[in-house]
Every structure is written in structure tokens, then in C-alpha cells.
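Please treat every number below as a calculation from the coordinates, not as lab data. Keep in mind it's a predicted model, so treat the numbers as computed, not measured. Counting neighbours? That spans all protein chains shown, and the Cβs are built from the backbone with ideal geometry, glycine included.
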Amino acid sequence: MSRIGNSPIPIPNNVKINITGNEISVTGPAGTLKRKFRPEISIKTENNSIILKRSSDDFKAIHGTTRALINNMVQGVVTPFEKKLEIQGVGYKSQLAGKKLTLQVGYSHPVEIVIPDGVDIVLDPKGLQIMLKSADKEKLGMVASQIRHSKDPDSYKGKGVKYSGEYIKKKPGKSAIGVGAPGAAGAAPAKK
């Protein structure tokens, strides 16, 4: 029994659902999302909620996943999902020209990322914080991941692009002891 798959999805008043076979269209104040699902899961609306049924117990995992995806669609068209990214490093910055994000992140060339339709992007005035918004949670995550992987944070100073609130475990740098410092093992004795 899939507890997630069997729980109904409530439909808010300002959301319209259109089901055609195994394709569902969700329309709300933040936009319209369409998606096709596997035919083994039947999708119906009853009593102002969406009910999902599976054809057999072989599709328990798909049942729960389908329910979660439809729930994300309903939530996204009401209030868009958000992701924040931060850029850290001397001389690192970002610029936006239309739907093209240009990142200066320590390479000899700028990194250009085209933002797809359905994803809104806002930069702070210094270009060090990137805010992404979208009704489609999957597309938002893909774009945020693409931006983050343009320059993963390094493990010594933390320079690079990271998610807001993400903790980067830093490695200790080289210490002065043992690298030729006076009194270190293997260091040449001081002259008198």
C-alpha cells in the first residue's frame, strides 16, 4: 500500500485541472503546467481533489511518485518555487542580458547560461546573489544545478557558486610547522 499515492491532492479554488487520458494540465495564477504520466496510474477528480489509482501492486513506486509530481504542479501554479544561489570569490560576479546569464567565476572566459522559458531570474545590484523562481519545480532545480556546477565551491576557501544556506566543509590549509620553519622537524638549524 502506497500511503503517499493513496492520499488525495486538494485542489485550491483558483486552480483549474484538465485531465485527458494520462495527461494532466494544471492552470493557476502563476501559470500553466502540463505533463504526461504512465497509463498504469489513473487520474481522476472527485470532491474538489485529485485521486490516483494504480492498475496493480507492481506500480507502487510510480503511484507515489506520480502523486508527488502532481502535488508539486498544483503548489507551483499557486505560489512559484524559489531557489537562491550565492557567488563567493574576489572578482566573481554575474550579469543578466535578457534570458542569458553571464558568470565571471575565475576562468579565462565568461560562462554563459541560457535561462529557459518558465524560469524567472533576478540578480542583486552587485551580481553576487541569484534568485530563481518557477512554477515548475523540476525545471527550477535543473537550472539552479546548472548554475551551481558552472563553478563548484572549492574546499579550501569556499570560492565558487553555492546554494543559499549550503554549508561547505573546508579543508585545513598547509600549516607553517613542517615546511621549513625554525624548530620544525627536518628544518636546518639556525646559524649562530
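How much FRET efficiency would the formula 1/(1 + (r/R0)^6) give for residue 42 and residue 117, where r is the Cβ-Cβ distance and R0 is 30 Å, rounded to 0.05? Don't skip to the answer; put the middle values down first.
Details: r = 31 Å, r/R0 = 1.02.
After rounding to 0.05, the efficiency reads 0.45.
As a rough guide to protection, the peptides 78-88, 39-49 ranked by mean Cβ packing within 10 Å, highest first, stand as 78-88, 39-49. Please say if the chain is rounded, prolate or oblate, where rounded means a/c under 1.5 for a ≥ b ≥ c the square roots of the C-alpha gyration tensor eigenvalues, and otherwise the choice is prolate for a/b larger than b/c and oblate otherwise? Cα axes put the chain in the prolate bin.
Spatially, region 87-126 and region 131-145 are offset by 15 Å when compared through their Cα centroids.
Using θ = phi - 60° in the Karplus curve 6.51 cos²θ - 1.76 cosθ + 1.60, the 3J(HN,Hα) couplings for region 48-55 round to 6, 8, 9, 10, 10, 10, 9, 6 Hz; x is entered for Gly and Pro. Label sites at residue 169 and residue 108, each approximated as a point 7 angstrom past Cα along Cα to Cβ, lie 3.5 nm apart.
Hey, which of these cross-link pairs are over 19 Å Cα-Cα: 126/162; 36/83; 133/170; 137/159; 84/133; 93/151? Result: 36/83; 133/170; 137/159 exceed 19 Å. Principal-axis analysis of the Cα atoms of the chain puts helix 60-78 at an angle of about 80° to the longest axis.
Hey, for a label at residue 154 modelled as a point 7 Å past Cα toward Cβ, could you say which residues of region 76-109 have their backbone N under 14 Å away? So the set is 88-92, 105-108. Computed per residue of the chain from DSSP H runs no shorter than four, each worth -39500 (n - 2.57), the mean residue ellipticity at 222 nm is -5500 deg cm²/dmol.
If the chain linking residue 129 and residue 49 were pulled fully straight, counting 0.36 nm for each residue of separation and taking away their Cα-Cα distance, it would gain 25.0 nm.
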